[in-house]
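The next block holds one structure in the form of structure tokens; read it before the comments.
The values are calculated or read from the model by the stated rules, or taken from the named source; none is laboratory data. All values derive from a computational prediction rather than experimental measurement. Positions of Cβ are backbone-derived with ideal geometry, glycine not excepted, and every protein chain shown enters the neighbour counts.
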Ligand code: HEM
């Protein structure tokens, strides 16, 4: 096992196994028979069907990819903080996060290879077309991927063995290459949703225009942020897993801190995510209203109810974790009385947000209602109310953070009282105006209403930034009421971290589905029709089951990653223990 | 070890919970748009009916528009469009205005709304000229009187967008695997549907008789009954029987969407009861 952990052939082994299975599956005689019949458009896959295999493998690849690209981002940041303030703990934490990478990287690569393999075999016509559009980017991708491997392994194995500045530079290179990877891959899949750079027959005019299509940048940004969030939550789950198995107080303290840091990263990235999401939504509408309506108003409107449940749960669990975290801080009692108000605010926002926009079950039903808007749910369900709810939700979570930050501090500056009043004033004013704009939205024409979300977002950002700045100055040289006792946190809190990680993985699965799903019976929207047996869009329940299975497979893999990573860590701890005794 | 087990159980429970939540929302399968049959000799009244069907189906108009008389939505309400169309644009008759707003929607933007409709003669909606005439007839009938027929000529029409051209390109796409050309009856025999269903007698065999399927079910229901037999189980019959048998014969792996349509059309033609 130790040998395994050191050499890490797990990924390649797995790949060989799966590739072997796939080969056996395709050696079935009927696959050959189909080949003989002329140019093949589709091939079928036994038992679950082509669509589901490609779906599950793509999603697994995406999740591992997201993790592998996100961890270096915050590992580097944490390493840099440690470098600047000279606190060895940060450097160790960054290194520990990085340790999760090497096994995951092999998994990512194997899954990617498997995905390519299946796509070319099962969807030859589509892939031929995509290759004709994107030819050289595939080569570029391969090269960049290779570079990623070089950077990743030298960053990981070079830890502590080279000058710090050189190591940080390697980390920067790693991140640059990682971002290049995600941007290239995004160009392919965004093209399928919002094709660009082609003529009316679908022939290529410009590869760059095909890359730079309507949804490319919004998806790049949305994914980048979501990946950090996801990576942070998985890293936090690792901390939680180690915390629960910890034997000593020291270990408990360490892994409590690790879980906290991972979660902090996840939630910090979660706050701007809805904004990026709405931008993405806008661009989809801008490309094609039909696509936008399919997304938010038509077939998939119920999917966003499920998304609202997921996101609501994320916010709820994140706040819950922060409240529990305050138990390890002396002085936090002062803020406990506020939690019930925060909880109430989250609940109300959640209900508004989860109220569906339009409830189209069938066309007949839509006809019976004289269109697609439900008379009763219309009011809470439209964008105006939802935007408002999300904004208030974000502010509430921000407030939990603020309380946590202040928990053991007492301001000593002379203007502390004024400062508090100003902070409260800003918050109250912003919440007031945000709600006012939300209500006002009902009294204006659609074209005006859509623009109202911009001042709302601007105000929320303004509130968070200005209140933080005041807070930083106000709590300079603050009196510390007591230390933070890392490790003094109930096990419940660790389960909250698992919950966040699972919910996040599920959200990714669901949203990955809607991204492909909104194309409905098109492979490339408006350009290449899906003429396979799988051209229909399945029920949400069915899609959700596929997502659940994918998530469980993902966590089975992650368990292997955790296990192998903690093996490779053990040697070090044992060695250190031996040296000190 | 105990912890690992607890975490596993917890993970499964959370995933199961989200799956469960997702079963609570309406479950609907969306099929690729169906073609509405347009006969060359259809009367204007028949065109109106066909147009309404296209507007709710292939045209996807109702995903955006309402036909309820309520104003203030995000898209123009069409309940009175037949009445107002003639006055919308200087020098345009109602038919001309409607045609323009379908072929070239961004030429004229209705006051208070943002541009956002795509030309419905192009993909993804991709209606042909005849279908668009039917839709125009339907729109005229909303608050007004329909006048167009399939012979009405509009300057937006073109060679490539006629029904004949569309049919030719579809035939080209369909000319793939040879099994595609099997008739519905042949498919019905090939997959041994007849062992459990009769199409000639009203008596049930292992499964319900389908001799009156065309009257009993819409085509969408037939699709669902075949692709997901256990979603709705007819009374007195065993769930899972049909899906098990069809899985065993490889029906779901082999059937293409074209064949499925042929099969459904064949069943829809069974109107023994009327
Ligand atoms: C409220 C906060 C939101 C959160 C936490 C969130 C989270 C996520 C996550 C985790 C992913 C998967 C990213 C990946 O594939 O790596 C995702 C993808 C996506 N999101 Fe969001 N999202 C939010 C809001 C929105 C909104 C408002 C929209 C649309 C109007 C939206 C549309 C999408 C789409 C279409 C994808 C698919 C992108 C893809 O995987 O290619 N999201 N979102």
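Just for segment A:546-555: of the residues that are surrounded by 20 or more Cβ atoms within 10 Å (Cβ to Cβ) and facing another protein chain (nearest Cβ under 7 Å), which one is nearest to residue A:504 (Cα to Cα)?
Across segment A:546-555, the extreme among qualifying residues is A:551.
I'm trying to understand the selection: among the residues of segment B:53-74, which are farther than 27 Å from residue B:218 by Cβ and buried (at least 18 other Cβ atoms within 10 Å of the Cβ)?
Of everything in segment B:53-74, those that are farther than 27 Å from residue B:218 by Cβ and buried (at least 18 other Cβ atoms within 10 Å of the Cβ) turn out to be B:73, B:74.
State all residues of segment A:237-257 that are outside any helix (DSSP H, G or I) and either buried (at least 23 other Cβ atoms within 10 Å of the Cβ) or touching a helix residue (DSSP H, G or I) at 6+ places or on another chain (Cβ under 8 Å) (or both); if no residue qualifies, say none.
A:245, A:246
For every residue, the table says whether it meets (1) within 13 Å of chain A (Cβ to nearest Cβ); (2) surrounded by 17 or more Cβ atoms within 10 Å (Cβ to Cβ); (3) part of a helix (DSSP H, G or I).
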position	(1), (2), (3)
B:220	yes, yes, yes
B:223	yes, yes, yes
B:229	no, yes, no
B:236	no, no, no
B:244	no, no, yes
B:247	yes, no, yes
B:261	yes, yes, yes
B:265	no, no, yes
B:270	no, yes, no
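Taking segment B:77-103, which residues are under 24 Å from the mean Cα position of the chain (by Cα) and closer than 30 Å to residue A:523 by Cα?
The answer is B:99, B:101, B:102, B:103.
So which of A:119, A:111 is surrounded by fewer than 21 Cβ atoms within 10 Å (Cβ to Cβ), modelled with pLDDT of 90 or more and out of contact with any strand residue (DSSP E or B) (no Cβ under 9 Å at 6 or more places or on another chain)?
Result of the check over A:119, A:111: A:119.
Within segment A:298-323, take every residue that is more than 11 Å from chain B (Cβ to nearest Cβ) and farther than 23 Å from residue A:457 by Cα and give me the one that is surrounded by the fewest Cβ atoms within 10 Å (Cβ to Cβ).
A:320
Go through A:295, A:271, A:280 for me and flag whichever is touching a helix residue (DSSP H, G or I) at 6+ places or on another chain (Cβ under 7 Å), away from every other protein chain (no Cβ under 12 Å) and within 8 Å of the ligand (Cβ to nearest atom).
Being touching a helix residue (DSSP H, G or I) at 6+ places or on another chain (Cβ under 7 Å), away from every other protein chain (no Cβ under 12 Å) and within 8 Å of the ligand (Cβ to nearest atom) holds for just one of A:295, A:271, A:280, which is A:280.
Among the residues of segment B:201-212, is there at least one that is touching a residue at least 12 places away in the same chain (Cβ under 8 Å) and under 24 Å from residue B:36 (Cβ atoms)?
Within segment B:201-212 (the criterion being touching a residue at least 12 places away in the same chain (Cβ under 8 Å) and under 24 Å from residue B:36 (Cβ atoms)), the answer is yes, since at least one residue qualifies.
When you scan segment A:504-533, how many residues do you find that are in a helix (DSSP H, G or I) and within 7 Å of another protein chain (Cβ to nearest Cβ)?
Of the residues in that region, 1 qualify.
For the list (1) under 20 Å from residue A:259 (Cβ atoms); (2) at pLDDT below 90; (3) surrounded by 19 or more Cβ atoms within 10 Å (Cβ to Cβ), I need the number of the one condition that residue A:501 fails.
Only one criterion in (1) under 20 Å from residue A:259 (Cβ atoms); (2) at pLDDT below 90; (3) surrounded by 19 or more Cβ atoms within 10 Å (Cβ to Cβ) is unmet by residue A:501, namely (2).
So which pairs qualify, if the first residue must be in segment B:64-86 and more than 24 Å from residue A:288 (Cα to Cα) and within 7 Å of another protein chain (Cβ to nearest Cβ), the second must be at pLDDT 80 or above and surrounded by 16 or more Cβ atoms within 10 Å (Cβ to Cβ), the Cβ gap must be under 8 Å, and the two must be at least 6 apart or on different chains?
Note: pairs meeting the criteria are B:68/B:77; B:68/B:79.
Among the candidates A:240, A:236, which residue alone is within 14 Å of another protein chain (Cβ to nearest Cβ) and within 16 Å of the ligand (Cβ to nearest atom)?
A:236
How about segment A:141-172: which of its residues are loosely packed, with under 13 Cβ neighbours inside 10 Å and in a helix (DSSP H, G or I)?
If the condition is that a residue be loosely packed, with under 13 Cβ neighbours inside 10 Å and in a helix (DSSP H, G or I), then A:142, A:143, A:146, A:157, A:165, A:166 are the ones that fit.
Mind telling me which of the residues A:255, A:285 ends up being within 13 Å of another protein chain (Cβ to nearest Cβ) and either within 12 Å of the ligand (Cβ to nearest atom) or within 12 Å of the chain's Cα centre (by Cα) (or both)?
Exactly one residue qualifies, and that residue is A:285.
For every residue, the table says whether it meets (1) in contact (Cβ under 8 Å) with a residue 60 or more places away in the chain; (2) under 22 Å from the mean Cα position of the chain (by Cα).
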site	(1), (2)
A:170	no, no
A:188	no, yes
A:201	no, no
A:218	yes, yes
A:236	yes, yes
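Residue A:63 passes all but one of (1) within 16 Å of the ligand (Cβ to nearest atom); (2) closer than 18 Å to residue A:180 by Cβ; which number fails?
Every condition holds for residue A:63 apart from (2).
Quick test for you: out of A:203, A:227, pick the one residue that is more than 14 Å from chain B (Cβ to nearest Cβ) and more than 16 Å from the ligand (Cβ to nearest atom).
So the residue among A:203, A:227 that is more than 14 Å from chain B (Cβ to nearest Cβ) and more than 16 Å from the ligand (Cβ to nearest atom) is A:203.
Could you run through segment A:195-236 and say how many residues are outside any helix (DSSP H, G or I) and closer than 30 Å to residue A:315 by Cβ?
Residues in segment A:195-236 being outside any helix (DSSP H, G or I) and closer than 30 Å to residue A:315 by Cβ: 2 in total.
Being out of contact with any strand residue (DSSP E or B) (no Cβ under 9 Å at 6 or more places or on another chain), modelled with pLDDT of 95 or more and away from the ligand (no atom under 16 Å from the Cβ), is that true of even one residue in segment A:471-484?
no
Please find, within segment A:534-545, the residue that is farthest from residue B:28 (Cα to Cα) out of those that are in contact with a helix residue (DSSP H, G or I) (Cβ under 6 Å, 6 or more places away or on another chain) and more than 7 Å from chain B (Cβ to nearest Cβ).
Checked segment A:534-545; the qualifying residue farthest from residue B:28 (Cα to Cα) is A:534.
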